[in-house]
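The values are calculated or read from the model by the stated rules, or taken from the named source; none is laboratory data. Here the structure is a predicted model, which means the values were calculated and not measured. Virtual Cβ from ideal backbone geometry, glycine too; neighbours counted across all protein chains shown. Quick note on the areas: whole protein, heavy atoms, side chains included, nothing else; ligands and nucleic acids left out. Shrake-Rupley method; radii C 1.70, N 1.55, O 1.52, S 1.80 Å.
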Amino acid sequence: MAEPAPLPDAAPSNWVDRHAPSRLRPWLKLGRFDRPTGIWLLMLPGWQGIALAAAEAGERPDWKLLVLFFLGAALMRAAGCAYNDIVDRDIDAKVARTAGRPIPSGQVNVKQAWGFVVACCLVSLAILLTLGPLAIGLGVASLALVAAYPFMKRITWWPQAWLGLTFNWGVLLGYAAAAGELSIAALLLYAAGVFWTLGYDTIYAVQDLEDDALAGVKSSARKLGRRTPQGVAGFYAVSIAFVLAAGYVAGLGWGFYAVAALYALRLFEQPMRLKLDDPRRALRLFKANTWAGLLLFAAILAGSWHFVDPTP
């Protein structure tokens, strides 16, 4: 029996299809480990929140906390994707890009997928319990956002906005884990992330415009239609405004604004290059947001330099 081909939104040379044992591949694909962009996009808001808290405290980010957030993001993204696939299995079977996923293709059954979700959540819970009380509370609260997300595409044209609320919760969680409290700057950075995700996930939705219309699935890309590039540019403009406001409120130094300018350029080039009839380009532009998120993390680090005492 021939091995399943790489999924359409995974790189042909991804490590799962090239190197993972065939027995493990359906499980790794269920958790989207063949498509690591989502791990970065879930992790980076947490790193940004940790960096912001450290900058306001005049300290360097705790590298151990950064590692924990990387592990937590990988596990919770896997759990969230598997849960989403359980809920959307009938829709996924009708969409060309998703029909080959492990559940609709029959490689993993629903009961097994639930076991995968529970296992990932239990390990994530063990990580969460190492953090402070506020962070634990925020982590538990995020489950409501995660649980509701798969149903948003059925009831609103803006499921991408809900994903923004969900994916960027890490800003608040990371800040709370580092500082034990929340600040106005953290809330502004969270708002920036929501509009950032609204932009990049609208680009991602361009891949499925025809199939979503046939399946009756709603998305911001379908709602905006030909105005999608202008809409994405508007979302990114709002995101950048909130980023600058967060840096100002936090009192970050000039280095923040210098690197944040590169972040802005990275965002604005995406709607300029977006073509509604070119799904492969949409996927490439979506993946470019890993670098955009890293630039914002770097901007916060650069803006904190004048806070940090160089002596041990």
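In percent, rounded to a whole number, the relative contact order of the stretch 1-129 is 27, using alpha-carbon pairs under 8 Å and six or more apart.
Separation of the stretch 167-202 from the stretch 222-270 is 14 Å, based on Cα centroids. Per-residue packing, averaged as other Cβ atoms within 10 Å, sorts the ranges 220-228, 271-279, 16-24 into the order 220-228, 271-279, 16-24, beginning with the highest. In this Cβ point-charge picture (+1 for Lys and Arg, -1 for Asp and Glu), the chain has a dipole of about 740 debye about its Cα centre. Among the listed pairs Lys111/Lys275; Lys64/Lys153; Lys64/Lys111; Lys111/Lys223; Lys29/Lys218; Lys64/Lys218, give every one whose C-alpha distance is greater than 29 Å. The answer is Lys111/Lys275; Lys64/Lys153; Lys64/Lys111; Lys111/Lys223; Lys64/Lys218.
Accessible surface calculations at 1.4 Å, restricted to protein heavy atoms, place the chain at 46 Å² per residue. Working from label points 7 Å from Cα in the Cα-to-Cβ sense, the Lys223 to Leu24 distance is 4.1 nm.
Packing here is the average count of other Cβ atoms within 10 Å per residue, and on that basis the peptides 143-149, 153-159, highest first, run 153-159, 143-149. Carbon-plus-sulfur accessible fraction, the stretch 144-254 (probe radius 1.4 Å, protein heavy atoms only): 66%. Span-like helix check, the chain: qualifying full DSSP H segments, with Cα axial length of 24 Å or more and mean Kyte-Doolittle of -1.0 or more, are 37-56, 63-87, 110-128, 133-155, 184-205, 228-250, 254-273.
Of the solvent-accessible surface of the stretch 35-119, computed with a 1.4 Å probe over protein heavy atoms with every protein chain present, carbon and sulfur atoms account for 63 percent. Electrostatic bookkeeping for Arg284 treats Lys and Arg as +1 and Asp and Glu as -1; over the other residues with beta carbon under 10 Å from its beta carbon, the sum is +3. Could you please report the charge total around Ser304, scoring K, R as +1 and D, E as -1 over all other residues with beta-carbon less than 10 angstrom from its beta-carbon? Surrounding charge for Ser304 is -1. For the chain, averaging the sequence separation of C-alpha pairs within contact (under 8 Å, six or more residues apart) and dividing by the residue count gives a relative contact order of 22 percent. Helix content alone sets the calculated 222 nm mean residue ellipticity of the chain: runs of n ≥ 4 DSSP H residues at -39500 (n - 2.57) each, divided across all residues, give -23000 deg cm²/dmol. The residues neighbouring Lys94, those whose beta-carbon lies less than 11 Å from its own, together hold a net charge of -4 under the Lys/Arg +1, Asp/Glu -1 convention.
Distances between placed amide hydrogens fall under 5 Å for Asp278 paired with no residue 5 or more residues away or on another chain.
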